[in-house]
Amino acid sequence: MDISVIIPLYNEEESLPELYDWIERVMKKNGFTFEVIFVNDGSTDRSWDVITELSKKSEQVKGIKFRRNYGKSPALYCGFKEAQGDVVITMDADLQDSPDEIPELYRMIKEDGYDLVSGYKQKRYDPLSKTIPTKLFNATARKISGVKNLHDFNCGLKAYRKAVVKNIEVYGEMHRYIPYLAKNAGFTKIGEKVVHHQVRKYGKSKFGINRFVNGYLDLLTLWFLSSFGAKPMHVFGFIGSLMFTIGFIAAFILGADKLWCLAHGIQQRLVTSSPYFYISLTMMIIGTQLFVAGFLGDLISRSSQQRNDYQIEEEIRCGK
């Protein structure tokens, strides 16, 4: 099979028939063999009924229905698990992503050799309250992830080599950082294509301003896990050791100063009456706690079943 199209959706009953007809026209025009996987993320409207009707008319239609709303990342995870196409395309169900982009995205994967191609909605039909935070978010994501050539991490229109979707795990709200996840899994040939962004035709956006706050927190989580997830002692142990050392040296200086004053008959107040004593003691305690946290994290990491889960692309065996 050439292409799997995965469409996560939530309350998009009006747009689904038009979207599928559009995809089918594009596929038949270019001679692609394909499947369309609709993932109904707990919709409360007639979305599932529409998907059922489409599946009766076309054997290319598949559907997955969640009992409740889990979010876009779980929907993509289940879609990736079911996908059979050599190239996997993801797009939103609101008709703002154009299926006419599919042939070029397919070509970039198959002929240009990209592992992942992300859409870039250079001209957006969104209010400033959405576009300005999006630009700031993407600038931060480029800086932290190291994927410098992407302008729109969160664009729903993306193309993947099949091996990519089978070797990354999308969870929580990490769908925004699939290029980063792919990079961490060893798929480094990541490209971008300017795509057409259309005005929403039906319904209204399902995303609020809180997605930007959650997005930054998820980005920091992903950065920390990718940098120190397998070696927590390197960060907690270092910071803990540094704090303990500074606190110990400060306490030693206070004690030495007290002894020097006593030896020379100089009146000196109690060490415990100095605020620096308590600051030093606190730093030593927190440093010890951080060191122990790093040690426990290392023990947990070493006992994990995924500790030796490495991405092997090819093997050559004797006599083969």
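We did not get these values from a lab; they are worked out from the coordinates using the rules stated. This is a predicted model, so every value here is computed, not measured. Positions of Cβ are backbone-derived with ideal geometry, glycine not excepted, and every protein chain shown enters the neighbour counts.
The ellipsoid that matches the Cα gyration tensor of the range 143-200 has semi-axes, each √(5λ) in whole angstrom, of 19, 14, 12, with the longest given first. Where q = 0.17, 0.20, 0.27, 0.31 Å⁻¹, what log10 of I(q)/I(0) comes from the Debye formula for the range 242-288, counting one point per Cα? Once normalised to I(0) and log-transformed, intensities are -0.48, -0.61, -0.89, -1.04.
Sequentially through the range 62-76, phi angles give Karplus couplings (6.51, -1.76, 1.60; θ = phi - 60°) of 10, x, 10, 10, 8, 5, 9, 7, 9, x, 5, 4, x, 5, 5 Hz, Gly and Pro residues having no value and appearing as x.
Applying the Karplus relation 6.51 cos²θ - 1.76 cosθ + 1.60 with θ = phi - 60° to the range 269-284 yields 3J(HN,Hα) values of 6, 4, 4, 5, 8, 8, x, 5, 4, 6, 5, 4, 4, 5, 4, 5 Hz, where x marks Gly and Pro.
One equal scatterer on each Cα of the range 85-198, no solvent, Debye formula: the resulting log10 I(q)/I(0) at q = 0.12 Å⁻¹ is -0.39.
Quick check on the range 4-105: what are the equivalent-ellipsoid semi-axes from the Cα gyration tensor, as sqrt(5λ), descending, whole Å? Mind showing how you got there, number by number?
Values: eigenvalues 83, 43, 30 Å².
That gives 20, 15, 12 Å for the three semi-axes.
Using 0.36 nm per residue and subtracting the Cα-Cα separation, the extra length available between Leu254 and Ala185 on full extension is 19.8 nm.
Full extension of the chain segment joining Gln268 with Lys148 gains 37.3 nm, where the gain is 0.36 nm per residue of separation less the Cα-Cα distance.
Electrostatic tally near Asn149: other residues with Cβ closer than 9 Å to its Cβ, Lys and Arg +1, Asp and Glu -1, net +1.
Under 5 Å from the amide H of Tyr120 lie the amide H atoms of Lys193, Val194, Val195, each residue being 5 or more positions distant or on a separate chain, with H modelled from the backbone and absent for Pro and chain starts. Overall form of the range 1-53: prolate. Here a/c, set by the Cα gyration tensor axes a ≥ b ≥ c, is 1.5 or more, and a/b is the larger of a/b and b/c.
Considering Cα pairs under 8 angstrom that are at least six residues apart, work out the relative contact order of the range 1-47 and quote it in whole percent. Numbers along the way, then the final one.
On the way: 54 pairs, mean separation 30.4, N = 47.
Once divided by the residue count of the range 1-47, the mean separation gives 65 percent.
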